[in-house]
1. With contacts defined as alpha carbon pairs under 8 Å and 6 or more residues apart, what's the relative contact order of segment B:275-413 in percent?
2. Distance check, please: which entries in B:181/B:339; B:183/B:398; A:18/A:146 exceed 32 angstrom between their Cα atoms?
3. Using Cα positions and a limit of under 17 Å, work out the lysines in reach of residue B:74, with same-chain residues fewer than 8 apart set aside.
4. How far apart, in nm, are two points set 7 Å out from the Cα along the Cα-to-Cβ line at residue B:263 and at residue B:381?
5. Mind giving me the FRET efficiency for residue B:37 and residue B:411? R0 is 60 Å, r the Cβ-Cβ distance, nearest 0.05 is fine.
6. In whole percent, what relative contact order does segment B:311-488 give with Cα contacts below 8 Å and a gap of six or more residues?
7. Please list B:419-425, B:251-257, B:236-242, B:65-71 highest first by mean number of surrounding beta-carbon atoms within 10 Å per residue.
8. Would you mind giving the mean number of other chain beta-carbons within 10 Å of the Cβ of each residue in A:191-204, as a whole number?
Amino acid sequence: MILDTRYLILFEMKKFTKLTSAVVPLNIENIDTDQIIPARFLKATTREGFGENLFCDWRYDADRQPKPDFVLNDKTYSGKILLAGKNFGCGSSREHAAWAIQDAGFDAVVSSFFADIFKGNALNNGLLPVQVSDEFLFKMFEAVAKDHNTQITIDLENQTIKIEGQVLPSGEDLGGAESFEINAYKKSCLINGYDDIDFILAQKELVEEFEKS
Amino acid sequence: MLTQSTESHASPSPLGKDGMGRTLVEKIWDAHVVKSEEGFPDILYIDTHLIHEVTSPQAFDGMRKRGLPVFRPKQTVATADHNVPTLNQLQPIKEELSRYQVDMLTKNCAEFGIELYGLGHPFQGIVHVIGPELGITLPGKTMVCGDSHTSTHGAFGAIAFGIGTSQVEQVFATQCLLQQKPKTMKIEVNGELGKGVGAKDIILYIIAQISAAGGTGYFIEYAGSAIEALSMEARMTICNMSIEMGARGGLIAPDQTTFDYIKGREFAPAGAEWDKALAYWKTLYSDVDAKFDSVLTFDAAAIAPMITYGTNPGMGMGIQENIPATNAQPEKEQLSYQKALDYMGFDDDASLIGKPVDYVFIGSCTNSRIEDLREVADFVKGKRKADSVIAWIVPGSKQVEQQAINEGLDIIFEAAGFQLREPGCSACLGMNEDKIPAGKYCVSTSNRNFEGRQGQNARTLLASPLTAAAAAVTGKITDVREFLLEEQG
Ligand code: SF4
């Protein structure tokens, strides 16, 4: 499906097509947006700068020293993909959560389940939420635990996510792939960098007609 | 000055496309679809947009960057609630960033022509408390707010849901949202509630049963005799927490209780408008042959006063129960479960009865309305809080505060050692000074027990206003029914 670009203002949103990267694993379920970015950091009035407080209370101690056992402080992990447990992004609707994750350098989040509002917020900012099966998520966590540098490829066009074939000396194959679902309209927005306002504004007359009816 | 447009743009159509009955959600949804096209989300018209200081500044900024005006400013209402102090509210806010954010809202509303009920205004209050009490929240409307507890307004039979800041900007620009039509779930609660059990216990019970993700993707309609018997304020408590099971929203079909509540409120329709509105509202119910994607049924009599023991609202139990053991959880979830119990400082199989508490917070958009305050006052009258407990009562709005004073509740609270503060979100999320200190236990009538929600490393136990009041009086977790039996006997 292609959007009719003739009517679009094309307000720039971050584009996403294909990404191969190492991942940062956060094997915790029900991560709520209060953990992603605590309320006390919501006083900013711009979208920038939230990244340094991403997962603040898990990441830093009371003196703001990095807690060594938290994965974001573990230098052996890096990459643009955040891997997280089931029901990621539940709770508060704060879009600041998506901004913080993006600001910290992530382009995609992979989980076996996303809370609705977070998913919408992420998509509206060009941060791709990839929902995989519980089994595949488990497999990814396992692969990354064994080799911190495991590469994952997310191909939005073909809607596939792949653990890049790692065969251990023992002969064990850590690779594997799965396809994922994404709303066709949202996919098109991500690939082209459109946002919803462009889409509705292009049909403003319909809205005005509706109001009169 | 009546500047608020309360009109709903919905025009009802009697039947679904295939001639089958429709659910309440479908009826309201269909009446608001501007355009529906295969392969695209629906363009959904939004009747009312509520905004507050935290999730709006970036959206206003976006509007400035696009060079757009707010499309329908009269359908937008603003208030300052998340950051505001609850003591000496009219003095300049001490905390610089909070002050800036609140000032920013004032400036933005003036620039874009939006009515603001800011600090000092008699209508100021928590956004989900003021909408209903002003008669802005009405059956059949579509309502949104950059706040997940927008589901509260569903108690009136409206489609109301929380949105992110990008969507706030969308509604500013177009008064519409691109939305996928949600799946529908019916949750029926039948029978009679026991003594000491209220709306908060019903919803905590449901969430404990279906988990913090059990409603994801659904719009929930609450029904059944136990729901119908509830007051409007109690219904709001139920709908408020729909998001805590992941649902997009929750709603209840409007009935005489709803109409009686709305009539005569500030912005409610009046005269001929009222008759017209009422005729429409009476068509707002799920048809008998309507199909829900999922139906759940609960027995009200099985519900006890509830309390949470963990760090998501799904981790709740009857107050007499013991904390479920870690090894009874699904294997993959045990790590997260153990982490939650460690954070709370609780053990497997422990009972919470008798556990000392440090703070009691009665407030938030879940339980800060006049009925909540009356219920607490009724209970604490002639009693005194334990010395070891700090007890805050934060009314949901200026109007609730005023009403409490008019009824003399402030005197009862003072005599009982409870502090009645000024309206705002307060310790529900601790964005102002009202924070629970690290490690302390707080029995809270709010809706989230997430790690750090009420302050860094604070430990929250969610409960009803009655259970919270009982904890304040005894200084520990208490089954409020003990008091009620005593008082009876
Ligand atoms: S009271 Fe709490 S939950 Fe309600 S709007 Fe305020 S911060 Fe959100």
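What follows draws every value from the coordinates through simple rules; no lab data is involved. What you see is a predicted model, and the numbers here were worked out from it, not measured in a lab. Counting neighbours? That spans all protein chains shown, and the Cβs are built from the backbone with ideal geometry, glycine included.
1. Reported as a whole number, the value is 17 percent.
2. B:181/B:339; B:183/B:398
3. The reachable lysines, counting only those whose Cα sits under 17 Å from residue B:74, are A:212, B:107, B:141.
4. With each label point 7 Å from Cα toward Cβ, the separation is 2.8 nm.
5. It comes to 0.50.
6. With pairs under 8 Å counted, the relative contact order is 27 percent.
7. By packing density, highest mean first, the sequence is B:236-242, B:419-425, B:251-257, B:65-71.
8. For this peptide, the per-residue mean of nearby foreign Cβ atoms is 5.
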